[in-house]
Amino acid sequence: MGIFAEGFKTSPYWWEAAPRPALPEAPLPSAADVAIVGSGFTGLSAALDLARAGRSVLVLDASDAGHGASSRNGGMLGSGLKLGYGDLKATHGQAKAVALVREGIAAYDYATDLIEREQITCHLQKVGMFVGAHRPSHYEEMARGLDLVKREAGLDGEMVPASATATEVATRIYHGGRIIPKNAGVHPALYHQGLLDRARGAGVTVAPRSPVTDIARGLDGFTVTTPRGRVRARDVIVASNGYTGPVTQDFRRRLIPIGSYMIATEPLPPETMRRLFPNNRMIADTKKVLYYYRPSPDRTRVLFGGRAAVWETDTKVSGRTLHRYLTGVFPDLADVKITHSWTGNVAFTFDRLPHAGVRDGIHFAMGYNGSGVAMATYLGHKTAQRILGKPEGRTAFDDLEFPAPAWYSGTPWFLPLVAAWYRLQDRIAA
Ligand SMILES: Cc1cc2nc3c(=O)[nH]c(=O)nc-3n(C[C@H](O)[C@H](O)[C@H](O)COP(=O)(O)OP(=O)(O)OC[C@H]3O[C@@H](n4cnc5c(N)ncnc54)[C@H](O)[C@@H]3O)c2cc1C
């Protein structure tokens with residue numbers, strides 16, 4: 001049986017409700033207080049704050065506004081960092097680890113407050129996340145980790161034993177799991193559209209199809225070059241995350257771009273959706289190469305994501321792979337077709353932490369390690385506060401070194417090896 005529904009698309013499901021915005025292609029201004037490279041959550045969140053503080057702001061994107069990960073992701077707005085508290089503590093010591101964990105919580109609080117305050121209609125649902133244990137040992141590790149992070153950093157959570165897994169998600173593949181209450185579902189493209197509208201309403205100029213080809217530092221600021229003209233700017237923010245290119249090579253060599261893939265199923269009966277996701281939660285797991293999935297905001301479809309390929313691949317091919325993964329989780333969906341299959345880039349870092357700060361006078365926030373819906377919004381805001389000279393611009397990330405191994409220039413040739421090693425570990429580890 002074919003798995004592709006009639007009218008199958010290789011664009012994000014989210015773009016049905018929020019197509020890429022048709023923005024006017026007016027001539028670029030010759031000068032702005034701040035020029036921002038990238039129109040995702042990072043860039044727009046910074047732009048909104050700066051414009052409201054009276055700065056003239058130009059956001060440049062190589063493609064349509066929000067073409068990057070911000071309109072393509074799973075819409076899981078979380079409070080966690082990629083590294084667990086135990087790992088953070090081992091590497092950075094207890095005080096720093098607590099501060100970093102609290103930044104994750106602050107990011108969640110900031111992004112959810114922003115959506116509510118700005119009345120952005122994007123189906124914000126504070127439903128929490130369930131993280132399924134791929135092995136019994138993962139359950140034990142998660143339980144120990146939760147106990148520690150609760151005690152030392154005040155992070156909330158709850159363990160769900162194997163026998164009760166079905167109360168969270170109707171699959172037999174997990175050995176229990178953990179509930180993270182501070183995790184919410186959003187419609188990411190509507191959230192992006194809302195941020196874009198608020199930023200433009202505050203006076204921000206957003207210029208689509210304006211790739212930045214050079215950033216040159218002068219005595220009193222920067223000259224930013226695009227094929228559509230040059231702009232002088234006192235400050236520049238690089239907010240290009242998984243799409244960072246050679247123009248900003250100093251950032252590119254600190255980031256590992258990785259494709260993440262998603263599919264949407266055709267609409268399913270309401271009783272099936274209620275059975276699969278009894279609490280409507282966001283779902284992820286403890287595998288090295290993890291699955292993440294959720295009900296669509298209207299609770300009619302399953303949206304399922306994972307690393308279906310190492311290099312960029314045809315999204316029909318990745319759609320087949322993800323459909324296979326999906327039916328591994330929910331065998332009774334084997335006959336269900338998919339309506340959309342798409343991909344986007346995330347950016348990993350060598351220390352698996354996000355980074356924000358200033359390098360050679362250029363402000364930046366990036367490296368969200370696949371969890372940037374909340375963190376990109378938050379670090380965009382922090383970057384703006386820093387430019388405005390406000391103490392609120394400080395973060396626990398400020399004094400972290402942003403690693404750049406000497407042997408790496410920005411092309412992650414090692415990914416197939418790492419992916420193969422991770423998949424092997426997922427298969428054999430106890
Ligand atoms: C399939 C997928 C699923 C995901 N799921 C989740 C999830 O459920 N939860 C979560 O928290 N995170 C998730 N993420 C990650 C999250 O989407 C990102 O971390 C976040 O959107 C990053 O936002 P950003 O604004 O920094 O970058 P992006 O939104 O990627 O924007 C970067 C922009 O920079 C532009 N750009 C690059 N170079 C230039 C240049 N030279 N000139 C002009 N413009 C340029 C690009 O065109 C792009 O539009 C997912 C990502 C993907 C791809």
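Data for the structure
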item	result
Hz values of 3J(HN,Hα) by residue in segment 222-231 - Karplus curve (6.51, -1.76, 1.60), Gly and Pro given as x	10, 10, 9, 9, 9, x, 9, x, 10, 10
Fewest-first sequence of Leu77, Leu48 by Cβ atoms within 10 Å of each Cβ	Leu48, Leu77
Residue-span extension gain [Arg394 to Ala5] - 0.36 nm each, minus C-alpha spacing	135.2 nm
Full-stretch length increase - Asp314, Arg52 - with 0.36 nm per residue and alpha-carbon distance subtracted	90.2 nm
Span from the segment 206-262 Cα centroid across to the segment 274-289 one, whole angstrom	36 Å
For segment 4-428, convex hull volume per residue from C-alpha positions, Å³	137 Å³
Nearest 10 degrees, 0 to 90: helix 373-387 Cα axis against the chain principal axis	20 degrees
Given 16 as the ceiling on other Cβ atoms within 10 Å, longest exposed-site-free region of the chain for GluC sites (Glu not before Pro) in DSSP loops	119-311
Segment 70-93 residues near the modelled Glu16 label - backbone nitrogen below 19 Å, point 7 Å along Cα→Cβ	71-76
Where labels lie 7 Å past Cα in the beta-carbon direction, separation of Leu417 and Asp197 in nm	4.9 nm
Karplus-derived HN-Hα couplings along segment 105-117 (A = 6.51, B = -1.76, C = 1.60, θ = phi - 60°), whole Hz, x at Gly and Pro	5, 4, 5, 4, 4, 4, 5, 5, 4, 4, 4, 6, 4
Partners for Lys126 among lysines (Cα-Cα distance below 22 Å; same-chain residues under 8 apart left out)	Lys82, Lys150, Lys182
Table column - 3J(HN,Hα) (Hz), segment 192-209, Karplus curve with 6.51, -1.76, 1.60, x for Gly and Pro	4, 4, x, 5, 4, 4, 5, 5, 5, x, 7, x, 6, 9, 10, 10, x, 6
Label-point separation, Thr223 to Arg427 (7 Å along Cα→Cβ), nm	5.6 nm
Loop-located trypsin sites (Lys or Arg not before Pro) in segment 66-146 whose Cβ has at most 14 other Cβ within 10 Å (DSSP)	Lys126
C-alpha center-to-center spacing [segment 398-429, segment 8-56] in angstrom	31 Å
Lys, Arg +1 and Asp, Glu -1 on Cβ, resulting dipole of the chain about Cα centre, debye, nearest 20	320 debye
Net charge, Arg217 excluded, C-beta distance under 13 Å - Lys, Arg +1, Asp, Glu -1	-2
Local electrostatic count, Gly201, Cβ distance below 13 Å [Lys/Arg +1, Asp/Glu -1]	+1
Net charge, Arg234 excluded, C-beta distance under 14 Å - Lys, Arg +1, Asp, Glu -1	+1
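Every number here is computed from the coordinates shown, using simple stated rules; none is lab data. Here the structure is a predicted model, which means the values were calculated and not measured. Neighbour counts are summed over all protein chains in view; Cβ atoms, including those assigned to glycine, are modelled from backbone coordinates with ideal geometry.
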